[in-house]
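Since the structure comes first, as structure tokens, the remarks are kept for the end.
Throughout, read-outs are computed from the coordinates displayed, never taken from laboratory work. Fair warning: this is a prediction, and the values are worked out from it, not measured in the lab. Here Cβ is always computed from backbone atoms with ideal geometry, including for glycine, and neighbour counts include all displayed protein chains.
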Amino acid sequence: MADTIDQAQQVQSQHLEASLDRIRAENSNQEPSLLICQGCGDEIPKARREAVPGCKFCVTCQEKETG
Ligand SMILES: [Zn+2]
């Protein structure tokens with residue numbers, strides 16, 4: 001019985017760790033990526049938002065920004 005409870009607690013703490021890791025990862029990014037480009041107002045594609053944490057511009061505007 002005790003083993004079952006231990007296992008359950010272990011699984012629970014693993015879940016908790018996973019959640020904390022996710023929160024830490026989210027907080028470690030300077031800022032979350034924006035849905036809408038600050039330059040042209042177009043939606044930033046999901047792939048770009050995930051690839052570039054904290055991005056604020058679409059590819060076109062980013063190129064203008066960075067020159
Ligand atoms: Zn743009």
In whole Hz, the Karplus estimates of ³J(HN,Hα) for region 4-16 (6.51, -1.76, 1.60; θ = phi - 60°; x where Gly or Pro) are 4, 5, 4, 5, 4, 5, 5, 4, 4, 5, 5, 4, 4
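For the chain, what is the mean residue ellipticity at 222 nm derived from helices alone (per DSSP H run of n ≥ 4: -39500 (n - 2.57); sum divided by total residues; nearest 500 deg cm²/dmol)?
That calculation yields -19500 deg cm²/dmol at 222 nm.
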Quick calc, Glu17 & Glu63: beta-carbon distance into FRET formula, R0 30 Å, rounding 0.05, result 0.15
The ratio Rg/Rh over the Cα atoms of the chain, Rh being the Kirkwood inverse mean 1/r radius, stands at 1.34
The answer for Glu43, listing residues at least 5 apart or on another chain whose modeled amide H is closer than 5 Å to its amide H, is Cys37
Given the candidates Val52, Ile36, Ile5, the one whose Cα lies deepest towards the positive end of the charge dipole of the chain, counting +1 at each Lys or Arg C-beta and -1 at each Asp or Glu C-beta, is Ile36
